[in-house]
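*Asks:* Below are the structure tokens for one structure; questions will follow.
Laboratory data are not the source of any read-out in this text; all were calculated from the coordinates shown. It should be emphasised that the depicted structure is a prediction, and the values quoted were computed from it without experimental measurement. All Cβ positions, glycine included, derive from the backbone under ideal geometry; neighbour counts span all protein chains shown.
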Amino acid sequence: MAQMDKRVRIAKRVAKELHDGDVVNLGIGMPTLVANYLSHGVSIVLHSENGFLGIGPEPQAELADKDLVNAGGKPVTIQENGCCFDSAMSFAIIRGGHVDTTVLGALEVDEQGNLANWMVPGKRISGMGGAMDLVVGAKKIIIAMEHNNKDGTAKIVKQCSLPLTAKAEVDLIITDMAVIAVHQDGLYLTEIAEGTTVEEVVAATGAQLFFSEDNLGIF
Amino acid sequence: MAQMDKRVRIAKRVAKELHDGDVVNLGIGMPTLVANYLSHGVSIVLHSENGFLGIGPEPQAELADKDLVNAGGKPVTIQENGCCFDSAMSFAIIRGGHVDTTVLGALEVDEQGNLANWMVPGKRISGMGGAMDLVVGAKKIIIAMEHNNKDGTAKIVKQCSLPLTAKAEVDLIITDMAVIAVHQDGLYLTEIAEGTTVEEVVAATGAQLFFSEDNLGIF
Amino acid sequence: MVKICTANEAVKDISEGMCIMIGGFLGVGTPEGLVQALVDKGTKNLTVITNDSAFPGVGVGKLQDSKQMSTLYTSYIGGHPESGRCMEEGDLKIILTPQGTLAEQIRAGGSGLGGILTPTGVGTVVEEGKTQIVVADKTYLLEEPLKADVALLKAYKADCHGNLIYRFSARNFNPLMAMAARTVIVEVEEIVEAGAIEPDNVITPGIFVDLLVKGR
Amino acid sequence: MVKICTANEAVKDISEGMCIMIGGFLGVGTPEGLVQALVDKGTKNLTVITNDSAFPGVGVGKLQDSKQMSTLYTSYIGGHPESGRCMEEGDLKIILTPQGTLAEQIRAGGSGLGGILTPTGVGTVVEEGKTQIVVADKTYLLEEPLKADVALLKAYKADCHGNLIYRFSARNFNPLMAMAARTVIVEVEEIVEAGAIEPDNVITPGIFVDLLVKGR
């Protein structure tokens, strides 16, 4: 499957997890695509950690406002239900559990729901920005990523080897191959992508997956 | 001296401690009189702990605004330099050292600069309101009070016997009889009221006073 | 869109033993209609978190009059003689807290903080039973967060998404409590259309608000 | 009345070794004129507290370009490759802090708090060297307050008393830093007369502001 198709498939499946009225923070990159695939009748409030609620679509270039960007620094608009605040309030919203769902990418996720997505030792460091607060604070943490690394190695592992972003906070993993729920006792495979087999998912995963073949959904 | 004269004398002397541009919090009761006696050319910004800066004069009764009261619940106005905020910001201003001077009454002050002004065991309790934060947070703490209790006993004592409001925070005591600076090593009498003798002040004070008769001012 | 209802409907799920935050300072910025509805409902044994017990017949003072509280977190009860009497006689458990500490505890509750360190109260009865922590040679008290089941708040205007603005000193604890309660009910003087409040002027984001009640 | 001056005049007392807070998020809400004046002045060995090192040639990134910083407290350096290189090679001490923690540390500094307890960073490298405190069975990190000698801020408008308002996402860290520095210098797009900003709409009280600079 082409790169773009994979991304769209993931974004579409993540979108199904969002409910009308949810307050949602979408990480930079692929997670931002999710906003394009909301179910009919579902309207969400997008939180931007640089200080506002109600992110609207990207404006035409000539209408871009220098003071209105998303957390990736890209020009956006603000919706009519929107409001602005300082960084302390922005993270009070995050840390205080007022964000229903956050969708983030990952380098590694493990069986305990540990997440590593901010640092690779030996590689140039970027900093955690708001990621650690988001993962600790939001009510539901969805990891949206390609199932494997480009070299084919597993990103879903028994135990993260990279420096953690947060411990035991991930709730759901959605990849181009599978939907995996993180429970206290391990990872539960609940759905597989159309055109994928359970065997392929298991082979591509570096951690134990619990599942019942009879109850597997297809997305 | 009549009660009112005493209060005016104290308020006038306290007013001399305030400088142009100072941010000041005046306690409920007599301290609020201080605003009436500012020196010519001195303009201060009054902080109201219920959430604004720039307290203006009491309005005419028919112009009172239900949403604009001081910390004593009395109708006031807001000056053109004023601004409003919530209680966390109000006390961030206080605790963060952004109030230059606060003027409060006292039940007892002692040689260590300890202050008791919120509770008398056995008497009905009111609560500390914002007093504890003010005394800990403001840069300069001025106690404005009558020198003695109505029964003639001393309010300035070796060691407070009443429950404290704060430890070692008082900077200056201004009474109807004297001005006393609180230093690390004790109380320094710097001025006495017109018509008062040093002997009277010493006799009326329950703590040791350091002073040099040659350098005593008169107010 | 936030739900709009009457004061009586708004308080219908408040039940015995709940913890309620109520905005206001000596009655200014207190939702009188919501408090009255709670008095009419008669729910007892409430834990209330509020700046002060106001005055007899005013604001939170009405819940004192009607003896609906079993525990009260507050900074000042001097306006309502019954509060002091009930505290002395043990009819009402009152936790007196410095006003700035109370504000930070509520803010911490709404912000997911485990507490804050304040110098206020060190060396006084307020420090009793609390952990003391020294940072950069200064002693602080560890004050824990406060949260509630319900917040009863007063704002000036809301838009139909629940974004709130306040007037003058009626703001006080309301924006802090809006973040710290599971259910947030706000009495407003006016409900305006979406977009009528500039995003930069909103004080309380509408995402915190569950129910709006039109008051005066 | 607050003092109004040029950017060069405003930064003239900033000297080697000082700690400077600078507002902005990837350059949005950063006072470009003040940062440029500091670059022109060439003061070295600065400790800077700011959300991110922006981009080469933009905002705080200019101080990275000109190597004027010796220590940087920040949450993100991914926009400026030189920051990462300097960190690796030890030319610049960078204390990476979660963005929400950085915001609370600055707020604590300005609010007279001795610190705050946050769950963010528990179980990660962020916890190294920090005190862990358990409150209600949950583990938190004690994060200490941050203060500065000078804050360089950007606001949209000021009135002549220094009361400030901001625009959209250009607010970010500016209001927090306004409280946490000894000297506060603010670049604004417009200076309006007293009373032109409603008291209820003011975000940063003028009492925090020392100098105003008219920028773009």
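*Asks:* Can you tell me the Rg and the Dmax, both Å, for the Cα atoms in the range D:44-184?
*Replies:* Answer for the range D:44-184, Rg first and Dmax second: 16.1, 50 Å.
*Asks:* Would you please give the residues with an amide H less than 5 Å from that of C:K154, counting only those at least 5 places away or on a separate chain, with H modeled from the backbone geometry?
*Replies:* Close amide H contacts, sequence-distant or interchain: C:G23, C:E187.
*Asks:* Which of these, A:E62, A:E169, A:E49, has the largest mean-square fluctuation under a Gaussian network model of chain A (Cα springs below 10 Å)?
*Replies:* The residue with the greatest mean-square fluctuation here is A:E62.
*Asks:* Hey, got the dipole for the range D:59-128? About the Cα centre, +1 on K and R Cβ, -1 on D and E Cβ, debye to the nearest 20?
*Replies:* Numbers: 5 positive and 8 negative charges, 51 e Å.
Dipole size: approximately 240 debye.
*Asks:* Calculate how many DSSP beta bridges within chain A are antiparallel, expressed in % of all such bridges and rounded to the nearest 5. Write out the running numbers ahead of the final one.
*Replies:* Values: 20 of 39 bridges.
Roughly 50 percent of the beta bridges in chain A run antiparallel, per DSSP.
*Asks:* Quick one: Karplus J couplings for the range A:60-72, per residue in order, coefficients 6.51, -1.76, 1.60, θ = phi - 60°, nearest Hz, x for Gly and Pro?
*Replies:* So the Karplus estimates, Gly and Pro as x, are 4, 3, 6, 9, 4, 9, 4, 9, 10, 10, 8, 5, x Hz.
*Asks:* In degrees between 0 and 90, to the nearest 10, how far off the longest principal axis of chain A does helix A:3-15 point, with axes built from Cα atoms?
*Replies:* The two axes meet at around 80 degrees.
*Asks:* Calculate I(q)/I(0) for the range A:1-81 by the Debye formula, one identical point scatterer on each C-alpha and no solvent, and give its log10 at q = 0.22 Å⁻¹ to two decimals.
*Replies:* -1.07
*Asks:* Ok, one more. For the protein assembly as shown, give the share of DSSP beta bridges that are antiparallel, in percent and rounded to the nearest 5; count only bridges with both residues there. Present the calculation step by step, with values, prior to reporting the outcome.
*Replies:* Working: 67 of 169 bridges.
Looking only at bridges with both residues in the protein assembly as shown, the antiparallel portion is about 40 percent.
*Asks:* Given the options A:V42, A:V34, A:V99, which has the most mean-square fluctuation in a GNM of chain A, springs set between C-alpha atoms less than 10 angstrom apart?
*Replies:* In this elastic network of chain A, the residue with the biggest mean-square fluctuation among A:V42, A:V34, A:V99 is A:V42.
*Asks:* Next question. Using a label point 7 Å beyond Cα on the Cα-Cβ vector, give me the inter-copy distances for D:E128 in nanometres, one decimal, shortest first.
*Replies:* So the label point of D:E128 gives 4.5 nm to the other copies.
*Asks:* Which ³J(HN,Hα) values in Hz, rounded to whole numbers, follow from the phi angles of the range D:17-33 under the Karplus curve 6.51 cos²θ - 1.76 cosθ + 1.60, where θ = phi - 60° and Gly and Pro get x?
*Replies:* Coupling constants for the range D:17-33: x, 6, 9, 10, 9, 10, x, x, 9, 6, x, 7, x, 9, x, 4, x Hz.
*Asks:* Suppose every K and R has +1 on its Cβ and every D and E has -1 on its Cβ; what is the size of the dipole of the range B:64-113 about the Cα centre, in Debye to the nearest 20? Could the numbers behind the result be given before it?
*Replies:* Values: 3 positive and 8 negative charges, 43 e Å.
In debye, rounded to 20, the range B:64-113 gives about 200.
*Asks:* Quick one: work out Rg over Rh on the C-alpha atoms of the range B:90-219, Rh as Kirkwood radius. Kindly include the intermediate steps, with their values, before the conclusion.
*Replies:* On the way: Rg = 14.7 Å, Rh = 15.0 Å.
Dividing the radius of gyration by the Kirkwood radius yields 0.98.
*Asks:* How many percent of DSSP beta bridges within chain C run antiparallel, rounded to 5? Can you show the working numbers first?
*Replies:* Values: 12 of 44 bridges.
DSSP beta bridges in chain C are roughly 25 percent antiparallel.
*Asks:* If you don't mind, there's one more thing I want to ask. If you place +1 on the Cβ of every Lys and Arg and -1 on the Cβ of every Asp and Glu, how big does the dipole about the Cα centre of chain A come out, in debye to the nearest 20? Mind dumping the intermediate values first?
*Replies:* Numbers: 17 positive and 28 negative charges, 107 e Å.
Result for chain A is approximately 520 debye, rounded to the nearest 20.
*Asks:* Further question: So what is Rg over Rh here for the range C:1-84, counting just Cα atoms and using Kirkwood for Rh?
*Replies:* 0.96
*Asks:* Rank D:A158, D:V125, D:A136 by how far each Cα sits towards the positive end of the charge dipole of the range D:115-167 (+1 on Lys, Arg Cβ; -1 on Asp, Glu Cβ) and give me just the farthest.
*Replies:* D:A158
*Asks:* If you don't mind, another one. Give the long-range amide H neighbours of A:E191: residues separated by 5 or more places, or on another chain, with amide H under 5 Å away, using H modelled in the peptide plane at 1.01 Å from N.
*Replies:* Amide H neighbours of A:E191, under 5 Å, 5+ apart: A:V179, A:G217.
*Asks:* Taking θ as phi - 60°, what are the ³J(HN,Hα) couplings along the range B:78-94 by the Karplus curve (6.51, -1.76, 1.60), each to the nearest whole Hz, with x for Gly and Pro?
*Replies:* 10, 7, 6, 8, x, 7, 10, 7, 8, 5, 5, 5, 4, 8, 5, 4, 5
*Asks:* Which value in deg cm²/dmol, rounded to the nearest 500, describes the helix-derived mean residue ellipticity at 222 nm for the protein assembly as shown, given -39,500 (n - 2.57) per DSSP H run of n ≥ 4 and division by the residue count?
*Replies:* On the way: 20 runs with 162 residues, N = 870.
Mean residue ellipticity at 222 nm (helix-derived): -5000 deg cm²/dmol.
*Asks:* Still on this model: I need two numbers for the range B:3-218: Rg to one decimal and Dmax as a whole number, Cα atoms only, in Å.
*Replies:* 17.3, 54
*Asks:* Along the charge dipole of the range A:3-218, which of A:I192, A:M128, A:C83 sits closest to the positive end, that is, farthest toward it, with unit charges on the beta carbon of Lys, Arg, Asp and Glu (+1, +1, -1, -1)?
*Replies:* The one lying farthest along the dipole's positive direction is A:M128.
*Asks:* Compute the Kirkwood hydrodynamic radius of the protein assembly as shown, taking the inverse of the mean of 1/r over all pairs of distinct Cα atoms, and give it in Å to one decimal. Display every interim value, and only then the final one.
*Replies:* Details: mean 1/r = 0.0349 Å⁻¹.
For the protein assembly as shown, inverting the mean 1/r across all distinct Cα pairs yields 28.7 Å.
*Asks:* Along the charge dipole of the range A:3-218, pointing to its positive end and built from +1/-1 on Cβ of Lys, Arg, Asp and Glu, which listed residue (A:G217, A:A35, A:I94) has its Cα farthest out?
*Replies:* The residue sitting most towards the positive pole is A:I94.
*Asks:* Long-range amide H contacts for C:L72: which residues qualify at under 5 Å (H placed 1.01 Å from N, peptide plane, sequence gap of 5 or more or a different chain)?
*Replies:* C:V48, C:K93, C:I94, C:I95
*Asks:* Let me ask another. Among the aspartates and glutamates, which have Cα under 18 Å from the Cα of A:K150 when same-chain residues fewer than 8 positions away are ignored?
*Replies:* A:K150 reaches A:D5, A:E108, A:D176, A:E200.
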